[in-house]
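K.L.:
One structure follows; several queries about it will come next.
Read the figures in this text as sums done on the coordinates, not as results from a lab. On a predicted model such as this, the values are computed, not experimentally measured, just so you know. With ideal geometry, Cβ positions are generated from the backbone for all residues, glycine too; neighbour counts draw on all protein chains shown.
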Amino acid sequence: MRESMLAMMNKIRIFGATMIAFAAVAVTSSCHDKRSTGWEYAPNMYEKIAYDPDQKNPNFKDGKTAQVPPAGTTPIGFTRFDYPNTRAGYDQASLEVKNIIAQTQSNFAEGKLLYEHYCSPCHGEQGQGDGEVTKHGYPPPPSYSKGQSSRGGAMKDLTDGKIYHTITYGVNAMGSYASQLAPEERWKIVMYVHKLQTL
């Protein structure tokens, strides 16, 4: 009989403790700010320590967070092309710059595809300067195999460096394609243009 009384008292205590726990949860959740989303699992994800690029920053002399990279540094993944957008830079690139990618069938095929997408609207499918835009009143670019370069010399004699320089900076009515084509893609187009120079 005494054991059944003890068992009953234990059940009452467990039930009481459970009810107190529920009551505590109810009280704390009812007093909680309704606009809050609750406890934060990782507050550093919401309340960051780092400065935003446009914020003032006392850690730098000029008070700006966004700093110019140190002189002479190159961003990760950026390929330098240290030839200026001048005639002298064009001529120097002609002498010094050579195609850096392997002469493979897959690179050639990709160069052809890139040429068709980016270059053929003006230069034409075969590089003859008869692209679709010339039918709408735009001046035709010179033929790669028969034309003369506006910078002098035959188009069929353009070197790797001259073609790459022109794709990078543009010339005459042709704008720069540096923002549309990565350096490796430009080299693949250079590879394909050499084929068009022989047609």
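K.L.:
Please sort through the DSSP H helices of the chain and keep those with an alpha-carbon extent of at least 24 Å along the long axis and a Kyte-Doolittle average not below 1.0. Don't skip to the end; give the middle numbers.
P.N.:
Values: long enough: 2-30 (42 Å, 0.88).
Long hydrophobic helices here: none detected.
K.L.:
Hey, rough spin-label estimate for MET8 and ALA66, points 7 angstrom out along Cα→Cβ, what's it come to in nanometres?
P.N.:
Placing both labels 7 Å beyond Cα along the Cβ direction yields 7.7 nm.
K.L.:
Skipping prolines and chain starts, which residues have an amide H placed within reach, meaning under 5 Å, of the one on ALA154, given they are 5 or more residues away or on another chain?
P.N.:
Result for ALA154 returns SER149.
K.L.:
Would you list the P(r) distribution for the chain, with all Cα-Cα distances sorted into 5 Å bins from 0 and each bin expressed as a whole %?
P.N.:
So the P(r) values, bin by bin, are 1, 6, 10, 12, 11, 7, 5, 5, 5, 5, 5, 4, 3, 3, 3, 3, 3, 3, 2, 2, 1, 1, 0, 0.
K.L.:
When the chain is fully extended, how far beyond the present Cα-Cα distance does ALA23 get from GLU125, taking 0.36 nm per residue of separation? Intermediate results must be reported in sequence, preceding the final value.
P.N.:
Working: separation 102, 0.36 × 102 = 36.72 nm, distance 7.87 nm.
Fully extending the segment from ALA23 to GLU125 adds 28.8 nm.
K.L.:
Over the range 68-153, what portion of Cα pair distances is larger than 14 Å, expressed as a whole percent? Walk me through the numbers on the way to the answer.
P.N.:
Values: 2795 of 3655 pairs.
So the portion of pairs separated by more than 14 Å is 76 percent.
K.L.:
Can you give me the long-range amide H partners of LYS64? Hydrogens built in the peptide plane at 1.01 Å from N, cutoff under 5 Å, separation of 5 or more residues or another chain.
P.N.:
ASN57
K.L.:
Efficiency by 1/(1 + (r/R0)^6): what FRET value for GLN92 and LYS146, r their Cβ-Cβ distance, R0 = 22 Å, to the nearest 0.05? Numbers along the way, then the final one.
P.N.:
On the way: r = 27 Å, r/R0 = 1.22.
Given R0 = 22 Å and the Cβ-Cβ separation, E is 0.25.
K.L.:
What percent do you get for the relative contact order of the chain when only Cα pairs under 8 Å and 6+ apart count? Please report the intermediate quantities before stating the final value.
P.N.:
On the way: 176 pairs, mean separation 35.2, N = 199.
Relative contact order, the chain: 18 percent.
K.L.:
Quick check: from the Cα gyration tensor, does the range 149-199 come out rounded (a/c under 1.5), prolate or oblate? Can you show the working numbers first?
P.N.:
On the way: a/c = 2.23, a/b = 1.22, b/c = 1.83.
Note, shape of the range 149-199 comes out oblate.
K.L.:
Here's something else I'd like to know. Over 18 Å between Cα atoms, which of LYS98/LYS188; LYS135/LYS162; LYS156/LYS195; LYS135/LYS195 qualify?
P.N.:
Numbers: LYS98/LYS188 12 Å; LYS135/LYS162 27 Å; LYS156/LYS195 10 Å; LYS135/LYS195 25 Å.
Over 18 Å Cα-Cα: LYS135/LYS162; LYS135/LYS195.
K.L.:
Less than 20 Å apart at the alpha-carbon level, and either on another chain or at least 8 residues along: which aspartates and glutamates does that give for LYS48?
P.N.:
Answer for LYS48, where 20 Å is the Cα cut-off: GLU40, listed by chain and number.
K.L.:
A further question on this structure: Can you compute the modelled spin-label distance between GLU116 and TYR138, with each label point 7 Å from Cα toward Cβ, in nm?
P.N.:
1.9 nm
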